[in-house]
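Single-structure report; data block below.
All of the numbers you see were taken from the coordinates with simple rules; none came from a lab. Note that the structure is a prediction, hence the values are computed from the model and not measured. Heads up, the Cβs are rebuilt from the backbone with ideal geometry, glycines too, and the neighbour counts pull from every protein chain shown.
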Amino acid sequence: MQPFRDVEDLVADHLRERLPDFPSEWAGTPVVTESFPSREPGEEPGLTVRCEESGGNHPITQQALVRVSAWADDRDDAKTLAHLAHAALLEHAGDAAIVSVRQVDGVVAGFDPEVPEPHATFTVLVTQRPTGVV
């Protein structure tokens, strides 16, 4: 039995649920649980969710460091999308699987020469409660 649900799936599901609240140009944004999206320049922007580290007071709670990245054709669009996702996660009120979402790092535009595509990232700390899922 896995006491905690997959944190990447939880965060991605929450972002998908909040997409209709985003401005119309962002409302159909795909959200995936991978490090780098498989998108080509000119394609729709996207969000990726990746758990960087997890641990905690098992079996009471688990804390996971989650990085969310926004990918777009230009830096400003990537930052705008990241800010929308950041706000959506920080507004998470908690539910059966998530106790809280707290900011670790705010939105930062990516400047990695190894990753030529414009992107922006932020990091949150997700505190989970066990759900007893299999």
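Computed from the alpha carbon positions, the gyration tensor of the stretch 66-134 leads to an equivalent ellipsoid with semi-axes of 28, 12, 10 Å, biggest first.
Our coupling estimate for the stretch 56-62, obtained by passing each phi through the Karplus curve with A = 6.51, B = -1.76, C = 1.60 and θ = phi - 60°, is x, 9, 4, x, 7, 9, 9 Hz, Gly and Pro reported as x. In terms of other Cβ atoms within 10 Å, 26, 71 run from fewest to most in the order 26, 71. Each residue of the stretch 95-103 was assigned a 3J(HN,Hα) from its phi angle through the Karplus curve 6.51 cos²θ - 1.76 cosθ + 1.60 (θ = phi - 60°); the sequence is 7, 5, 10, 10, 7, 7, 10, 10, 6 Hz, with glycine and proline shown as x. Kirkwood radius and radius of gyration were both taken over the C-alpha atoms of the stretch 7-128, and their ratio Rg/Rh is 0.97. Using a Gaussian network model of the chain whose springs link C-alpha atoms within less than 10 Å, name the residue from 72, 120, 93 with the highest mean-square fluctuation. Evaluated over the chain, the most mobile residue of the options is 93.
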